[in-house]
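Bear in mind these aren't lab numbers, they're just calculated from the coordinates by the rules spelled out. Keep in mind that this is a model prediction, so the values were computed, not measured. All Cβ positions, even for glycine, are placed from backbone atoms using ideal geometry, and neighbour counts span all protein chains on display.
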Amino acid sequence: MKTIDELVGEGVSGKRVFVRADLNVPLDGDTITDDGRIRAAVPTIKKLAESGARVVVASHLGRPKGAPDPQFSLAPVARRLGELLGSQVAFATDTVGDSAKATVGGITDGGVTLLENLRFNAGETSKDDAERGAFADELAALADAYVSDGFGAVHRKHASVYDLPARLPHAAGSLIATEVGVLKKLTEDVERPYAVVLGGAKVSDKLGVIDHLLDKADRLLIGGGMAYTFLKAKGYEVGKSLLQEDQLPAVKGYLERAEELGVEFVLPVDVLAAPEFPDLKTKAPADPTVVAADAIPAELEGLDIGPESRKLYAAKLADAATVFWNGPMGVFEHPDFAEGTKAVAQGLLDSPAFTVVGGGGHGPARRARGVGVKKGGRQENAPGATHEEKEGKKHN
């Protein structure tokens, strides 16, 4: 894997370097409510600019339908990026059109420009190789070299991620290099005990993670909406709780495999439940009830791990040397169901473990508790996956 240091060492002064970043930040109108992903992109952009490159930054934001949509514009991101860099960032109001060509053409050595949302062009996410390749050709015409630094998007077969690097000399940015090092500590050079905490809405979203880490972890702690499929697989009643019945065979298989491997599977012993899913806009009181996790009444829906489960999970994290956490423990966006996620975050803060936290809903939740990547008491916020992953889900 060629690094940005090697690319800079070869000389980038005067060259147009295309940086595929992940600037997919949450917005409230034009207000950025969490700028963590922008901050994470700054070191790579700054290194290139200080080396005399003409930096062309590009990203997606949200899920526009292949056409311009003002609510997903990156204009607020350009302003914030300029503030963090301490210099103005020119903004192109399209991706490969007249504005992009003029803005990129006007960059001077050490200058930075940001293109409009890549997903405003249907070619970015197209499943048709020719359409996607045509868009990649237009992007390639704007640059002399490519740097991949959008860790939250590197798994996607999109034009700016998959096709464009094949058309230009390419290298991995600082963020990618850091994340690859972290992944090695989670999969190869693991300090034990190794605890994996998984939450989120659907167990189907985490099957790959479970399959990959089951023979590496010492214990798995399960929460969020996905926990109820595990509870059902053990024969428990889950009431109106989120349930993926089609995943029950796979879940039963993982429970059996964990037992064979001697991996501890930790499920909630109690949950906070309510008759209806809470209103996340008004945050109106939901009148939660604590019930046993193995006997949730038919008229109630489990929405967070309960007080005894919080104590149990904290105890299971207390002696861990390595922890990977992906997915909240409940509907943390509502104050009545946020305590489970907060309890896990606090448990990680109290632990000396090397800790990595990532996932769609984690940005605001973890930063509120100061949790990110922690090394011997020092913590670094990891950008995690994009916030769009929770769009359309019933709860996390």
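Expressed as a rounded percentage, what relative contact order does the chain have, with Cα pairs under 8 Å and six or more residues apart?
Relative contact order for the chain comes out at 14 percent.
At a threshold of 8 angstrom on Cα-Cα distance, excluding pairs fewer than six apart, so keeping six or more, what relative contact order does the range 5-101 reach in percent?
In percent, rounded to a whole number, it is 28.
Nothing charged except the Cβ atoms of Lys and Arg (+1) and of Asp and Glu (-1): what's the magnitude of the dipole of the range 182-264 about its Cα centre? Round to the nearest 20 debye.
260
Kirkwood hydrodynamic radius for the range 4-178: how many Å is it when counted over pairs of different Cα atoms?
The Cα-based Kirkwood calculation yields 15.6 Å.
Could the peptides 216-226, 3-13, 146-156 be put in order, highest first, of the mean number of other beta-carbon atoms found within 10 Å of their residues?
For the peptides 216-226, 3-13, 146-156, the packing ranking is 216-226, 146-156, 3-13.
By counting other Cβ atoms within 10 Å of each Cβ, how are 332, 354 ranked from fewest to most?
354, 332
If packing is taken as the average number of other Cβ atoms within 10 Å across a peptide's residues, how do 228-240, 23-35, 254-266 rank, most packed first?
Packing proxy ranking, top to bottom: 228-240, 23-35, 254-266.
At a 10 Å Cβ-Cβ cut-off, how would you order 185, 157, fewest neighbours first?
Neighbour counts put them in this order, fewest first: 157, 185.
Please report, ordered by residue number, every helix of the chain (full DSSP H runs) that is 18 Å or longer along its axis going by C-alpha atoms and whose mean Kyte-Doolittle hydropathy reaches -1.0.
Length and hydropathy pass: 36-50, 174-187, 248-261.
Based on a Kirkwood Rh over C-alpha pairs, give the Stokes-Einstein translational diffusion coefficient of the range 83-221 at 25 °C and viscosity 0.890 mPa s in µm²/s.
Stokes-Einstein gives a translational diffusion coefficient of 137 µm²/s.
Of [x] 23.8; [y] 21.5; [z] 22.2, which one was derived for Kirkwood radius over Cα pairs in Å from the structure shown?
[z]
Take every Cα pair under 8 Å in the range 4-178 that's 6+ residues apart, average their separations, divide by the length, and report that relative contact order as a whole percent.
Over the range 4-178, the number comes to 28 percent.
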